[in-house]
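**Student:** Questions regarding the structure given below will be posed in turn.
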Amino acid sequence: MAHSFNVYIDESGDDGMAKFRGAGDGGGASNWLAVGACVVRSSRDLELVALRDRIRQECRPRSSKREIHFKDFNHNQKRRACQIIAGQPLRFSCVLGLKNTPNAGTFVQKNQLYFYLTRYLIERVSWLCRDKRPSVPEGNGTAKIVFSRRGGLSYDGFRSYLELLKDRHETQIHWPVIDIASVDAQDHSRVAALQIADCGVSAIAAAMEPDLYGNVEASYLHELAGNIYNRRGNFASYGLKTLPPLDQANLSQQQAESFQRFR
């Protein structure tokens, strides 16, 4: 077993930078783009298949498909999925970018915002794997990164982007953990762990992205609190990174209350 950790990355929201959705408006771009990871020990990777199957059996027992999508669940099913995941030996880290800001015009190139958020995510994933290495003796200490395949994104380009960041020393990524050459992408439907990542990232994003009525839903995030990467109770710098910081994001009362317990 070469790698000690597997890192599964998915996103919630889109990277559209115009006509942001408002209350009562069913169209337009999301206000937030969340990019997050589910991190698991490589030796426990197959357990996520059983975890996915349990969620499907309890939340969508009549579905003929084995795969799950968090967006297809109703409220009660989403909360139950998070309850099933809660306490499992995995961790989530998520970077949430508010797009509807004066700086939005900076991100004009295709996938530019996605790459920018993902660099912060890779930082946090590298710290988590470094921190957990003393209790994970198997493997060589590195992490294999697997993306949920995203149309229009070149993963060769992303590997080159990581190499550029490494050469320029522009980030706080703990590079000994990151195996750039093994960065991969797989279809959501084929990998149970990517479906668990989808559940976690979507649950976190729901606490920030308003629905059709302008409301956010924090109960999913709160169910997963014990699975979110933190250091001594500090979530904001680790498992729940927002850009801009929460105190500069002009949050609604509901959004602020959603994240209050994580500050």
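**Student:** Given the criterion under 24 Å from GLY87 (Cβ atoms), open to solvent by 30 Å² or more (accessible area, probe 1.4 Å) and among the hydroxyl-bearing types (Ser, Thr, Tyr), identify the matching residue among SER189, SER237.
**Tutor:** SER237
**Student:** Still on this model: May I ask you to list pairs of residues, at least six apart or on different chains, whose Cβ atoms are under 6 Å apart, with the first in the range 21-46 being among the charged types (D, E, K, R) and the second being surrounded by 15 or more Cβ atoms within 10 Å (Cβ to Cβ)?
**Tutor:** Filtered contacts from the range 21-46: ARG41/VAL136; ASP45/ASN6.
**Student:** Continuing with the same structure: Looking at (1) open to solvent by less than 20 Å² (accessible area, probe 1.4 Å); (2) within 17 Å of the chain's Cα centre (by Cα), find the lone condition where GLN88 falls short.
**Tutor:** Going through the list (1) open to solvent by less than 20 Å² (accessible area, probe 1.4 Å); (2) within 17 Å of the chain's Cα centre (by Cα), GLN88 breaks only (1).
**Student:** Among the residues of the range 133-151, what is the count of those that are over 19 Å from the mean Cα position of the chain (by Cα) and in contact (Cβ under 8 Å) with a residue 40 or more places away in the chain?
**Tutor:** Counting residues in the range 133-151 that are over 19 Å from the mean Cα position of the chain (by Cα) and in contact (Cβ under 8 Å) with a residue 40 or more places away in the chain gives 7.
**Student:** Looking only at the range 154-170, filter to residues that are acidic (Asp, Glu) and part of a helix (DSSP H, G or I); which one of those is least open to solvent (accessible area, probe 1.4 Å)?
**Tutor:** Checked the range 154-170; the qualifying residue least open to solvent (accessible area, probe 1.4 Å) is GLU163.
**Student:** Can you tell me which of (1) part of a helix (DSSP H, G or I); (2) modelled with pLDDT of 95 or more is the one ILE145 doesn't meet?
**Tutor:** Going through the list (1) part of a helix (DSSP H, G or I); (2) modelled with pLDDT of 95 or more, ILE145 breaks only (1).
**Student:** Return only the number of the condition from (1) aromatic (Phe, Trp, Tyr); (2) assigned to a strand (DSSP E or B); (3) surrounded by fewer than 20 Cβ atoms within 10 Å (Cβ to Cβ) that TRP127 does not satisfy.
**Tutor:** (2)
**Student:** Within the range 176-229, work out how many residues are acidic (Asp, Glu) and within 13 Å of GLN254 (Cβ to Cβ).
**Tutor:** Residues flagged as acidic (Asp, Glu) and within 13 Å of GLN254 (Cβ to Cβ) within the range 176-229 amount to 3.
**Student:** Among the residues of the range 192-227, what is the count of those that are of a type in the set (Asp, Glu) and either farther than 18 Å from LEU33 by Cα or open to solvent by less than 10 Å² (accessible area, probe 1.4 Å) (or both)?
**Tutor:** The number of residues fulfilling the criteria is 1.
**Student:** Additional query: Any residue in the range 108-129 that is over 30 Å from ARG66 (Cβ atoms), in contact with a Lys or Arg (Cβ under 8 Å, 6 or more places away or on another chain) and among the hydroxyl-bearing types (Ser, Thr, Tyr)?
**Tutor:** yes
**Student:** Somewhere in the range 21-31, is a residue part of a helix (DSSP H, G or I) and either open to solvent by less than 40 Å² (accessible area, probe 1.4 Å) or among the hydrophobic types (A, V, I, L, M, F, W, C) (or both)?
**Tutor:** no
**Student:** With the structure loaded, tell me whether ALA34 is of a type in the set (A, V, I, L, M, F, W, C), open to solvent by 40 Å² or more (accessible area, probe 1.4 Å) and either within 17 Å of the chain's Cα centre (by Cα) or closer than 27 Å to SER182 by Cα (or both) or whether it fails that test.
**Tutor:** So ALA34 fails the test.
**Student:** Separate question: Picking from TYR114, TYR120, which residue would you name as being open to solvent by 40 Å² or more (accessible area, probe 1.4 Å) and among the hydroxyl-bearing types (Ser, Thr, Tyr)?
**Tutor:** Step by step, each of TYR114, TYR120 is checked, and only TYR120 is open to solvent by 40 Å² or more (accessible area, probe 1.4 Å) and among the hydroxyl-bearing types (Ser, Thr, Tyr).
**Student:** Now, a different point. Among the residues of the range 201-212, is any touching a residue at least 40 places away in the same chain (Cβ under 8 Å), over 12 Å from the mean Cα position of the chain (by Cα) and either under 25 Å from ASP131 (Cα atoms) or in a helix (DSSP H, G or I) (or both)?
**Tutor:** Checked the range 201-212: no residue is touching a residue at least 40 places away in the same chain (Cβ under 8 Å), over 12 Å from the mean Cα position of the chain (by Cα) and either under 25 Å from ASP131 (Cα atoms) or in a helix (DSSP H, G or I) (or both).
**Student:** Looking at the range 1-20, which of its residues are under 30 Å from ASP131 (Cα atoms) and open to solvent by 10 Å² or more (accessible area, probe 1.4 Å)?
**Tutor:** MET1, ALA2, HIS3, ASN6, TYR8, ASP10, GLU11, SER12, GLY13, listed by residue number.
The values are calculated or read from the model by the stated rules, or taken from the named source; none is laboratory data. This one's a predicted model, so the numbers in the text were calculated from it and none came from an experiment. A quick note on method: Cβ atoms are made from the backbone with ideal geometry, for glycine too, and the neighbour counts reach across all protein chains shown. Calculation scope for accessible area: heavy atoms of the full protein, side chains included, ligands and nucleic acids excluded. Shrake-Rupley method; radii C 1.70, N 1.55, O 1.52, S 1.80 Å.
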